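Have a look at the structure below before the remarks.
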Amino acid sequence: MIDPDWIWGLVGGVLIGLGGAVYLLGNGRIMGASGILGGLVDGSGRRSAGERLAFLAGVVLLPVLLLPLYGTVDTHITENAVVLIAGGLLVGLGTRLANGCTSGHGVCGMSRLSARGIAATVVYLAAGGLALLIFRHGLGVV
Amino acid sequence: MRILLALVAGGLFGAGLFVSGMTDTAKVQGWLDVFGNWDPTLAFVLGGALLPMAVAWRLARAHRPVVGGEIPQPPTSPVDARLLAGSALFGAGWGLVGLCPGPAIASLTYGGTGHIVFFVAMVAGMILLPLVTRAAARRSTVAAE
């Protein structure tokens, strides 16, 4: 049985990869969401601020344009403010400490068979699974 | 040209995150939750994304970027404690809420208050990191003395 969600996942994945390919072959840059945003907010990427802002504008704009085709989208996000804030802080700190996230290490790093990309991906997937084991199945908070 | 290409790349990335369902926290947590009702969608997303990128890296061997400059060299730093600790922290936050940085940005306009709270906390974490590492370095210097 093929779930339509899997097909949409594959289509979306190819679009994500094409975005990374344009950024690499066009601008000579690695498409990493945490690095592009992080360099902008901590000031380290001031010299490439225009490019970073244009990229982020594209990321925000396309879902806005596609949304009317879907009507409403339920993202099933938790309403627990403590979990939201703790999760956000961990994602922000962790991705900057590791110098990359799912797009930079996962998509761009693994596709060039980078040892750092593969190691990071194995660790964040395992940590995500463990967090759910503890906080969903153990404590029942998420 | 650089700005236009960045906008196109970001647009493809945002559209991909949206149609793949990666801004739906239940789908992402469903993939990470191997002990629950496991959802394999994310494997299709990652697999689909790796294909064009693998071709792009192959093309990058023989071509310079369109706007000039160089294709980034592979990282020279090894797999170190910083990479592993950072990825562990990131993964924990990702599992708790089901959002990583890309989808957190893509869903800002339609995810509601929860997404905005998460985004603000994520940006705070990004800004805080240099302060946290500096404080940790200072403490270890004091301890060493």
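The values are calculated or read from the model by the stated rules, or taken from the named source; none is laboratory data. If you're wondering where the values come from, they're calculated on a predicted model, not measured in any experiment. Cβ sites come from the backbone with ideal geometry, for glycine too, and all protein chains shown count toward neighbours.
Inspect all residues belonging to segment B:19-41 and state whether any of them is part of a helix (DSSP H, G or I), in contact with a His (Cβ under 6 Å, 6 or more places away or on another chain) and closer than 22 Å to residue A:56 by Cβ. Looking for residues that are part of a helix (DSSP H, G or I), in contact with a His (Cβ under 6 Å, 6 or more places away or on another chain) and closer than 22 Å to residue A:56 by Cβ, one finds at least one in segment B:19-41, hence yes.
From the list A:104, A:87, A:100, A:109, the one residue that fits, being farther than 23 Å from residue B:54 by Cα and surrounded by 19 or more Cβ atoms within 10 Å (Cβ to Cβ), is A:87. Filtering A:44, A:34 for residues that are outside any loop (DSSP other than H, G, I, E, B) and among the hydroxyl-bearing types (Ser, Thr, Tyr) leaves a single hit, A:34.
Okay, residues lined up against (1) in contact (Cβ under 8 Å) with a residue 24 or more places away in the chain; (2) surrounded by 23 or more Cβ atoms within 10 Å (Cβ to Cβ):
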site: B:6; (1), (2): no, yes
site: B:14; (1), (2): yes, yes
site: B:17; (1), (2): yes, yes
site: B:58; (1), (2): no, no
site: B:73; (1), (2): no, no
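Evaluate the following for residue A:123: is it surrounded by fewer than 20 Cβ atoms within 10 Å (Cβ to Cβ) and over 22 Å from residue B:56 (Cβ atoms)? Working first, answer last.
Values: surrounded by fewer than 20 Cβ atoms within 10 Å (Cβ to Cβ): no; over 22 Å from residue B:56 (Cβ atoms): yes.
Judged against the criteria, residue A:123 is not a match.
Considering A:77, A:134, the condition of being farther than 30 Å from residue B:73 by Cα and within 7 Å of another protein chain (Cβ to nearest Cβ) is satisfied by A:77 alone.
Look at (1) in a helix (DSSP H, G or I); (2) in contact with a Gly (Cβ under 9 Å, 6 or more places away or on another chain) and you find that residue A:69 fails only one, number (2).
Would you point out the residue of segment A:103-122, among those that are within 7 Å of chain B (Cβ to nearest Cβ) and without any contact (Cβ under 8 Å) to a residue 24 or more places away in the chain, that is nearest to the chain's Cα centre (by Cα)? Filtering first and then ranking leaves A:106.
Filtering segment A:4-43 to residues that are acidic (Asp, Glu) and under 13 Å from residue B:21 (Cα atoms) leaves only A:5. The residues of segment B:59-104 that are farther than 17 Å from residue A:34 by Cα and assigned to a helix (DSSP H, G or I), listed by number, are B:59, B:60, B:81, B:96.
Each row is one residue, and each column tells you yes or no for (1) at the interface with chain A (Cβ under 7 Å from one of its Cβ atoms); (2) modelled with pLDDT under 95; (3) closer than 27 Å to residue A:16 by Cβ; (4) over 18 Å from the mean Cα position of the chain (by Cα).
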{"position": "B:75", "(1), (2), (3), (4)": "yes, yes, yes, no"}
{"position": "B:87", "(1), (2), (3), (4)": "yes, no, yes, no"}
{"position": "B:94", "(1), (2), (3), (4)": "yes, no, yes, no"}
{"position": "B:103", "(1), (2), (3), (4)": "no, no, yes, no"}
{"position": "B:144", "(1), (2), (3), (4)": "no, yes, no, yes"}
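Here A:91, A:59, A:122, A:83 are screened, and the one residue that is in contact with a Cys (Cβ under 7 Å, 6 or more places away or on another chain) and modelled with pLDDT of 95 or more is A:91.
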